[in-house]
Structure formats: structure tokens, C-alpha cells
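All remarks here apply to the structure that follows.
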Amino acid sequence: MPTLSPEYLENLEYDESAEACDIGEVVAFGTVFMSIFYSVVFAFGLVGNLLVVFALTNTKKRKSITDIYLLNLALSDLLFVATLPFWTHYVLSEQGFHNAVCKLTTAFFFIGFFGGIFFITVISIDRYLAIVLAANSMHNRTVQHGVTISLGVWAAAILVAAPQFMFTKQKENECLGDYPEVLQEIWPVLRNVEANFLGFLLPLLIMSYCYFRIIQTLFSCKNHKKAKAIKLILLVVIVFFLFWTPYNVMIFLETLKLYDFFPSCDMIKDLRLALSVTETVAFSHCCLNPLIYAFAGEKFRRYLYHLYGKCLAVFCGRPVHVGFSPPYSSGKKPRHSCYCQPEEPGPLEKLSFFRNIWDNLKL
């Protein structure tokens, strides 16, 4: 991972009888397929995530902790998609990278990869705290708290990504892992296990638990919009599962291949092809993050509406008024409240509780 690495692009594999297994056709198909697909992912991922960044940074509305996490998720995805043109050029070119470009591209790729997964997980935890434990968390979910957590997530992403790129270097026009002799057999296995566990299994378990508890809480709410919120939650989990599961299964099978579980040449070809296809599907998830986590939320649509008005003012050369109604007016309850607090708070706490629930239902 990524399969664009020359470690996965050699034309010859060997079966148990030591006869050469020519997978040149599979590699050629994968090169063309991935180059086209990554170009599309880069274009859509760049536009969508830049919109998120511009919308969140060009509004006068006070930021929330959710905005901080969405902004960092967009930055992670931008860091990730920014490496795709370099990998595409690398696959199509015979010159390879300079050593510095090789190291930086690989490092940014994996930092963006793990950063995006981790921020998706943090967003699910934040929603859990805001909805299931709303009475206890309403005073702790501040912007300062969000900034601190985000810095910690970036540090974790760099730490977890380090084993994936720390031995990467340019060697004979190839950007690949040049492991010490003592680590040549075990390090690729550890890389794949880390990607499977920290990049998929653990985040999926955390997300599933958080959103399961959120759905339980919403079912007890007297709110006619809870069905829409539940559908959005299910969409988040299902899309994450569908896009990332096939790729992680193939990473696991790739690990087994290192132990000669697939001696047949045909099986090796099928594995290589499936790995390329599932990788492109998984990496395209970064294009969907703005749609799922931002564009689908009512608050973020108001941000975009405000940004749209500013753009019109620039293009028209004069101020253009674009108005929208806030979710609730000052001093009043939101029109649709979720009455499901676990305790009986006082009047002011109850109003803050309702607003906290409502804001997080709409993201």
C-alpha cells in the first residue's frame, strides 16, 4: 500500500515450482486503470475538500468543535489527494522520483491516509459525546478542546504512518522500501497488519459502537426528523464499510501471499488485479467525505450558501444579499427538539441540552 509502489509493480512473480509467472499484462492494465482513476479522484477530491476548507474558513459565524474536525478531515484528504498526481507521474514515467520527492510523497500519502481515517473516527466519537452523553459533555466540547484533539490526531497519524515510509528511498529509479536485512521479511507484514488494524478494524469498531448508541438515543427522541438523522448515520457507516472492506481484505490476502499461501500463477494474477481495483475504490472515499460529512449537513449548507453569496458579490462587482434563516433565534428553542435527556436538568441546562442535540443532528 499504495500498490503504485514498485514493490507491487514487478512484472515477474514465482510460483512454488520456481517457474516465472509473468503478470506484465495485469501490471499494464493496472497502470492505465489507476492512472485514469486517480486523476478523477484527484479532481473531485481537490474540489470537494477545498470547498469545505473555504466554506469553513470564510464565514463570520462562530466555529464549533464539529467545524474544527471537519476542517481537519478536509485537510487530511487534501494532503492525501495531493500525492496522487505524483504517483500517477511515477507509474507512467521511467525516470522515477528524486530521493527527496520519493520520501515526501510517500510520507504525505500515508499521513493523509491515516489522518483521514482517524478524523472520521474522532467525528463519530464527538457525535457520541454530543448526543448520547450530552448532559455531561456540553461544557467540554469547546473549540479549544477541538484544536487540542486535532493536534493529537495529527501527531498520531504521523506516528502510525512512520513505519509505512521510514525506510522508503529512491533506489535505481524506484521509490520503494529499502529495509535492513534483519527486517526484510517481517517489516512488510507489520506494515500490512498495522494498515488492517489501525486503518480499518479499530476505526470501524469505534464508529459502529458510537453510531449504534446514537441511534438508540435517537429512537427515544420525540423528534420527527430523527429518521433523517438515522439514515445519515447509517450512510456514514455503510459507505465506510463498503469502500474500505474489500481493500483491507486484499491487504490481508497480500500478507498471506508473503507466506506462500498463493503458489498458483493465476491466483497471483487475480490477487494483483483485485488489489489494484479495490485500492482505487477505497481511495475514492476521500471524494465522498465532503458529501457525507459536510454537504449533507444543514449547517454546512448554510455555510456554502453564505460563500455562494460572497462569490456572487465578487463576480457581479457589487454586494449581493443572500439570506438564510438560522436554526433557532436567540432566546428561543429550536423548532424541533429532541426530548431524551438522561437526567432532569434545570431550565437553562435543558435549553442548552436541546440546542446541543439539535446542532449535532444537523451536523
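The values are calculated or read from the model by the stated rules, or taken from the named source; none is laboratory data. Predicted model, so just to flag it, every value in this text is computed and none were measured. Note that we place each Cβ from the backbone using ideal geometry, even for glycine, and neighbour counts take in every protein chain shown.
Candidates are the residues of segment 113-137 that are within 12 Å of the chain's Cα centre (by Cα) and free of Cβ contacts under 8 Å to residues at least 60 places away in the same chain; the one that is farthest from ILE65 (Cα to Cα) is GLY115. Only one of these is in contact with an Asp or Glu (Cβ under 6 Å, 6 or more places away or on another chain) and farther than 22 Å from PHE243 by Cα: LEU176, LEU190. Name it. Answer to the check: LEU176.
What number of residues within segment 119-164 are among the aromatic types (Phe, Trp, Tyr) and in contact with a Pro (Cβ under 7 Å, 6 or more places away or on another chain)? Steps first, answer last, please.
First pass over segment 119-164, keeping only residues among the aromatic types (Phe, Trp, Tyr): 119, 128, 154.
Among the residues that remain, those that are also in contact with a Pro (Cβ under 7 Å, 6 or more places away or on another chain) are: none.
Selection size over segment 119-164: 0.
Determine if segment 272-279 includes at least one residue that is assigned to a helix (DSSP H, G or I), among the charged types (D, E, K, R) and at pLDDT 90 or above. Within segment 272-279, not a single residue is assigned to a helix (DSSP H, G or I), among the charged types (D, E, K, R) and at pLDDT 90 or above. Of all residues in segment 166-219, those satisfying the criterion of being at pLDDT 90 or above, more than 19 Å from ILE125 (Cα to Cα), part of a helix (DSSP H, G or I) and of a type in the set (A, V, I, L, M, F, W, C) are TRP187, VAL189, LEU190, VAL193, ALA195. Among the criteria (1) closer than 14 Å to ILE65 by Cβ; (2) in contact (Cβ under 8 Å) with a residue 24 or more places away in the chain, the one ASN140 does not fulfil is (2). At pLDDT 90 or above, polar (S, T, N, Q), buried (at least 21 other Cβ atoms within 10 Å of the Cβ) and closer than 19 Å to ILE149 by Cβ - does that describe any residue in segment 36-53? Taking every residue of segment 36-53 in turn, none turns out to be at pLDDT 90 or above, polar (S, T, N, Q), buried (at least 21 other Cβ atoms within 10 Å of the Cβ) and closer than 19 Å to ILE149 by Cβ. Within segment 254-281, the set of residues being within 25 Å of THR88 (Cβ to Cβ) and either of a type outside the set (D, E, K, R) or without any contact (Cβ under 8 Å) to a residue 40 or more places away in the chain (or both) comprises ILE268, ASP270, LEU271, LEU273, ALA274, LEU275, SER276, VAL277, THR278, THR280, VAL281. Kindly indicate whether ASP77 is among the charged types (D, E, K, R), modelled with pLDDT under 90, buried (at least 17 other Cβ atoms within 10 Å of the Cβ) and farther than 18 Å from GLU194 by Cβ. Taking the combined requirement at face value, the residue does not satisfy it.
Provide a single number: the residues in segment 55-93 that are under 23 Å from TYR308 (Cα atoms), in contact (Cβ under 8 Å) with a residue 24 or more places away in the chain and β-branched (Val, Ile, Thr). Residues flagged as under 23 Å from TYR308 (Cα atoms), in contact (Cβ under 8 Å) with a residue 24 or more places away in the chain and β-branched (Val, Ile, Thr) within segment 55-93 amount to 3.
With respect to LEU104, determine if the residue is under 22 Å from LEU159 (Cα atoms), over 17 Å from the mean Cα position of the chain (by Cα) and assigned to a helix (DSSP H, G or I). Don't jump to the end; show me each part of the working.
Values: under 22 Å from LEU159 (Cα atoms): yes; over 17 Å from the mean Cα position of the chain (by Cα): yes; assigned to a helix (DSSP H, G or I): yes.
Taking the combined requirement at face value, the residue satisfies it.
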